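J.: I am attaching a structure below and will ask some questions about it afterwards.
Here, each number is a calculation from the coordinates, and none is a lab measurement. Computed from a predicted structure; not experimentally measured. Every residue, glycine as well, gets a Cβ built from its backbone with ideal geometry; the counts of neighbours run over all protein chains shown.
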Amino acid sequence: DAGVIQSPRHEVTEMGQEVTLRCKPISGHNSLFWYRQTMMRGLELLIYFNNNVPIDDSGMPEDRFSAKMPNASFSTLKIQPSEPRDSAVYFCASSLNPGYGYTFGSGTRLTVV
Amino acid sequence: AQSVAQPEDQVNVAEGNPLTVKCTYSVSGNPYLFWYVQYPNRGLQFLLKYITGDNLVKGSYGFEAEFNKSQTSFHLKKPSALVSDSALYFCAVRLGNNAGNMLTFGGGTRLMVKP
């Protein structure tokens, strides 16, 4: 198994541009999570999907952020318009069941200039 | 309130000495407890977990953790630290049966192992 796959690994964009981060969970996993990590705020849960349905999006910082999971093998996190304070590492993780825990992707390092 | 806490932002230890990274939790019901490690510029990697059974759990890279129900703790330990163990460590817990597959993470503890 290739694990959780995130793309791109690095993204540099200008303020105001739209950014789309992508995640492919492990096949068969039924839960998907998007996290953001910064030095100041640590690891923050942004949104949680179960069986492709958003369960908890209370961590999405504002309306500029949106996430979709059109099928069991793909999810996107979109920021429009992007701002410098969105600069962070964004992680995707998937899970099979409560006792399994998470498998994390390698992350996308986003820099907004 | 249900929660997980890592009371130390950083732990410093000399190579060859034993190390402990602390984690405490507050959960109703039986907790599912996990430890993850994050090396620089990498994602979080699973180290070990406690779901049920023996209170002493052994995991990757020689790490172990002990589930202590009376003290509501799940401290991570290693008998002899290596410089290569220097990383960021996260404790995570499933906060009750209604949490589904979701884990709540502690704030992380940076482990620095000095030669």
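J.: Which of the trypsin sites (Lys or Arg not before Pro) across the stretch B:8-115 are loop residues per DSSP, with 15 or fewer other Cβ within 10 Å?
T.: B:R42, B:K69
J.: Could you pull out the GluC sites (Glu not before Pro) across the stretch A:1-74 that fall in loop regions by DSSP (anything but H, G, I, E, B) with no more than 14 other Cβ atoms inside 10 Å?
T.: Sparse-neighbourhood loop GluC sites (Glu not before Pro): A:E14, A:E18, A:E62.
J.: In addition: Using all alpha carbons of chain A, what is the percent of pairwise distances in each 10 Å bin, ordered from the shortest bin to the longest?
T.: Here the calculated profile for chain A is 15, 51, 29, 5, 0.
J.: From the backbone phi of the stretch B:42-47, what are the Karplus-calculated ³J(HN,Hα) couplings (6.51 cos²θ - 1.76 cosθ + 1.60, θ = phi - 60°) in whole Hz, Gly and Pro given as x?
T.: Karplus-based 3J(HN,Hα) across the stretch B:42-47 equals 10, x, 6, 10, 5, 9 Hz.
J.: Determine one quarter of the surface area of the Cα convex hull of chain B, which equals its mean projected area, and express it in nm² to one decimal.
T.: With every direction weighted equally, the projected area is 7.0 nm².
J.: Largest first and in whole Å, what are the equivalent-ellipsoid semi-axes of the protein assembly as shown based on the Cα gyration tensor, each being the root of 5 times an eigenvalue?
T.: 30, 21, 15
J.: Pull out the extension gain between A:N52 and A:N97, defined as 0.36 nm times the separation in residues minus the alpha carbon to alpha carbon distance; nm, one decimal.
T.: 14.7 nm
J.: Need one number: nm distance between label points at B:N12 and A:T38, each 7 Å from Cα along Cα→Cβ, rounded to one decimal.
T.: It works out to 2.9 nm between the two label points.
J.: Quick one: check the C-alpha center-to-center distance for the stretch B:42-105 versus the stretch A:52-99, whole angstrom.
T.: Using only Cα atoms to place each centre, the spacing works out to 25 Å.
J.: Counting other Cβ atoms within 10 Å, keep those with at most 12, restrict to DSSP loop, and tell me which trypsin sites (Lys or Arg not before Pro) in the stretch A:40-113 are left.
T.: A:R41
J.: Of all alpha-carbon pairs in the stretch B:19-79, indicate the percentage at a distance above 20 angstrom. Present the calculation step by step, with values, prior to reporting the outcome.
T.: On the way: 430 of 1830 pairs.
Tail fraction, whole percent: 23.
J.: Could I ask something else about it? Can you tell me the FRET efficiency between B:N30 and B:E64 if r is taken as the Cβ-Cβ distance and R0 is 25 Å, rounded to the nearest 0.05?
T.: 0.80
J.: I've got another one for you. Could you please rank A:D56, A:D86, placing first whichever residue has the fewest other Cβ atoms within 10 Å of its Cβ?
T.: So the residues, fewest neighbours to most, are A:D56, A:D86.
J.: Using the structure shown, select from A:K78/B:K114; B:K22/B:K114; B:K49/B:K114; A:K68/B:K22 the pairs with a Cα to Cα distance greater than 30 angstrom.
T.: A:K78/B:K114; A:K68/B:K22
J.: Out of all DSSP beta bridges in chain B, what portion is antiparallel? Express it as a percent rounded to 5.
T.: Taking every DSSP beta bridge within chain B, about 85 percent pair in antiparallel fashion.
J.: Can I ask one more? Averaging the inverse of every distinct alpha carbon separation and then flipping it gives the Kirkwood radius. What is it for the stretch A:58-107, in angstrom units?
T.: Answer for the stretch A:58-107: a Kirkwood hydrodynamic radius of 12.8 Å.
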